[in-house]
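**Q** Have a look at this one before I ask anything.
What follows is calculated from the coordinates using simple rules that are stated; it is not laboratory data. Quick caveat, the model's predicted, so the values are computed rather than measured. All Cβ positions, glycine included, derive from the backbone under ideal geometry; neighbour counts span all protein chains shown.
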Amino acid sequence: MAEQRVKSKNLFNFRPAGVVDADILAKEKAMMEEFGVDMSAMMEQWAAMSDEEYAVAVNGMMEGMVALFKGSVYSEAEESCDHSTMGVPTTHDGDYEVQVLVHTPKALAQADSRACIIYAHGGGAIGGSATMYKGFLSHMAMDCGVVVFNVDYRLAPGTRCPNNVLDFYEVIKYVSLHASDLGVDPARIAIAGESGGGYICAGAMVQLARQDEAHLVKLAVPIIPMLSDYCFSDTAAM
């Protein structure tokens with residue numbers, strides 16, 4: 001019977017080998033070929049760029065990817081949501097107001113105790129924006145039946161860690177403190193983010209724990225979080 005069990009690839013039976021799995025590399029190669037991208041040439045170009053030039057390049061690449069994924073599903077989701085913007089004042093890196101896009105399903109407009117997700121967009125913490133994620137996060141709001149707070153945290157090289165994490169953390173604190181005014185149930189606040197946004201989410205989890213404030217968040221979902229730099233350094237560091 002034991003021989004027939006499916007062996008999942010998880011932390012309990014996955015041994016780091018200092019390499020990226022062959023199946024992942026094959027899929028990545030196929031995707032790059034489909035998009036007409038020469039990764040070796042791109043990496044050489046990136047290595048020669050300044051921090052500012054690299055950030056511009058990544059933003060350009062992300063804008064192209066966002067355009068590829070625009071479709072009726074996201075457009076319909078945007079039309080099915082009310083959209084607003086709020087500013088969250090911060091002082092950890094000068095006086096700065098973090099902008100947050102709020103995506104609320106129209107069906108929840110009159111509710112006064114809604115679950116919410118506070119989300120950090122991807123982009124390696126140097127690219128992307130809340131605006132780029134408007135369609136995707138409107139779809140998330142509709143699919144999950146929640147209000148989504150789409151955080152436009154500051155990016156490198158314009159800011160440095162931990163300021164981007166603290167931007168996100170301050171939004172969490174703001175939503176929790178003003179839950180009643182925002183029509184949010186303070187007991188149903190989730191945080192999430194993918195890739196660079198996963199790092200922002202994970203960093204905020206650490207900050208909440210350090211401040212003994214983990215109770216402010218019901219659920220944290222750092223998705224494929226950027227917690228190592230294996231793409232850009234020696235794979236032995238894995």
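**Q** From the phi of every residue in the stretch 179-191, what ³J(HN,Hα) in whole Hz does the Karplus formula 6.51 cos²θ - 1.76 cosθ + 1.60 yield, where θ is phi - 60° and glycine or proline is x?
**A** Computed from phi, the couplings for the stretch 179-191 are 3, 4, 5, 8, x, 10, 7, x, 8, 10, 9, 10, 10 Hz.
**Q** Mean-square fluctuation check for the chain, GNM, Cα pairs under 10 Å: which of Asp51, Asp38, Asp143 is largest?
**A** Asp38
**Q** I want to verify a result. In a Gaussian network model of the chain, Cα cutoff 10 Å, which of these has the top mean-square fluctuation: Ser138, Ser40, Ser75?
**A** Largest GNM mean-square fluctuation: Ser40.
**Q** Sticking with this one: Rg and Dmax of the chain over Cα atoms: what are they, in angstrom?
**A** Over the chain's Cα set, Rg and Dmax evaluate to 19.4, 63 Å.
**Q** I'd like the antiparallel share, as a percent to the nearest 5, of DSSP beta bridges with both residues in the chain. Numbers along the way, then the final one.
**A** Values: 15 of 32 bridges.
Around 45 percent of the beta bridges assigned by DSSP in the chain are antiparallel ones.
**Q** When the convex hull of the C-alpha atoms of the stretch 92-221 is computed, what volume per residue in Å³ does it have? Spell out each step's value before the answer.
**A** Values: hull volume 12.4 nm³, N = 130.
Taking the convex hull of the Cα positions in the stretch 92-221, it is 95 Å³ per residue.
**Q** Rounded to the nearest 10 degrees, what's the angle between the helix 51-68 long axis and the longest principal axis of the chain, both from Cα atoms, 0 to 90?
**A** 80
**Q** For the chain, modelled as a Gaussian network with Cα springs under 10 Å, which listed residue fluctuates most, Leu219, Leu137, Leu155?
**A** Result: Leu219 has the largest fluctuation of those listed.
**Q** Turning to a different aspect of this structure: What longest range of the chain stays clear of loop-exposed trypsin sites (Lys or Arg not before Pro) (DSSP non-H/G/I/E/B, at most 11 other C-beta within 10 angstrom)? Intermediate results must be reported in sequence, preceding the final value.
**A** Details: sites that count: Arg5, Lys7, Lys9, Lys70, Arg160.
It works out to 71-159.
**Q** Right, here's the next one. Among all stretches of the chain without exposed chymotrypsin sites (Phe, Trp or Tyr not before Pro) (DSSP loop, at most 11 other Cβ atoms within 10 Å), which one is longest? Provide the component values of the computation, followed by the final result.
**A** On the way: sites that count: Phe12, Phe14, Phe35, Phe69, Phe232.
Segment 70-231 is the longest.
**Q** Using alpha carbons only, how many degrees (0 to 90, rounded to 10) separate the axis of helix 22-34 from the longest principal axis of the chain?
**A** For 22-34 against the chain, the angle is about 80 degrees.
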